[in-house]
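Data first, discussion second: the structure below is written as structure tokens.
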Amino acid sequence: MSLIVLLDAGPLGMITNPKSSPENEACKNWLTSLAYKGAEVVVPEIADYEVRRELLRAGKERGIARLDALKSMLPYAPITTAAMLKAAEDWAIARKTGRQSADDASLDADMILAAQAVEFGRDGDETIIATTNIRHLALFSPARIWHEIS
């Protein structure tokens, strides 16, 4: 059994941020440690979208270059039709049960990420989302604060 870790936008942004801060450096070291221990760390397309759109808006070319470099080193999980169908189903369930994670009109990236994690999991592997906020994700997929995953 192996560990598959999907990066949410928070950790992905910290890892690719060219500015050094204690939290960014800790997140980069955490990623290195996971890789050293044999975990498969994955960049989900929806997390790439969330980080990339802000980098583009802010004109942060170094951040975009670092994001592209990381994507070339780690497995990439594209959004599939199956993931979108699962996300729509989970979105509807969340609304019906009063546990929505975003405004009704929003795209709701958390639902898409949770669906990607469910789809990306393989038999016998543990798949988990590394995030900075488990509140919405944990309703539909295993998720933990990034530094709690080892």
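The values are calculated or read from the model by the stated rules, or taken from the named source; none is laboratory data. This structure is a prediction, so every number in the text was calculated from the model and none was measured. Cβ placement follows ideal geometry from the backbone for every residue including glycine, while neighbour counts extend to all protein chains displayed. Please note that ligands, DNA and RNA were not included when accessible areas were found on the heavy atoms of the full protein model with its side chains. Shrake-Rupley method; radii C 1.70, N 1.55, O 1.52, S 1.80 Å.
Between S2 and T32, take the C-beta separation as r, use R0 = 22 Å, and let me know the FRET efficiency to the nearest 0.05.
0.80
Using only alpha carbon pairs under 8 Å that are at least six residues apart, calculate the relative contact order of the chain and give it in whole percent.
31 percent
Which order, highest average first, do 138-149, 43-54, 108-119 follow once you tally other Cβ atoms within 10 Å for each residue and take the mean per peptide?
108-119, 43-54, 138-149
Over segment 11-150, with the other protein chains present, what is the accessible area per residue in square angstrom, probe 1.4 angstrom?
54 Å²
A88 to L56: extension gain in nm, 0.36 nm per residue of separation minus the Cα-Cα distance?
Length gained between A88 and L56: 8.8 nm.
Give me the aspartates and glutamates in straight-line cross-link reach of K96: C-alpha distance below 20 Å, same-chain residues under 8 apart excluded.
D104, D108, D110
Expressed in nm to one decimal, what extension gain is obtained for the pair E126 and T97 from 0.36 nm per residue of sequence separation less their Cα-Cα distance?
7.7 nm
Among M111, S21, S150, pick out the residue whose Cα is farthest towards the positive end of the charge dipole of the chain, where Lys and Arg carry +1 and Asp and Glu carry -1 on C-beta, about the Cα centre.
Result: S21, furthest along the dipole toward the positive end.
If amide hydrogens are placed 1.01 Å from N in the peptide plane, which non-local residues have theirs closer than 5 Å to the one on I129?
L6, A143, R144
Treating cross-link reach as a plain straight distance, find the lysines whose alpha-carbon is under 16 Å from the alpha-carbon of K37, omitting any fewer than eight places away in the same chain.
Cross-link targets: K28.
For segment 19-102, what class follows from the C-alpha gyration tensor (a ≥ b ≥ c being the square roots of its eigenvalues): rounded when a/c is under 1.5, otherwise prolate if a/b is larger than b/c, else oblate?
prolate
Calculate for the chain the 222 nm mean residue ellipticity that helices alone would give, adding -39,500 (n - 2.57) per DSSP H run of length 4 or more and normalising by residue count, nearest 500 deg cm²/dmol.
Value at 222 nm, helices only: -16500 deg cm²/dmol.
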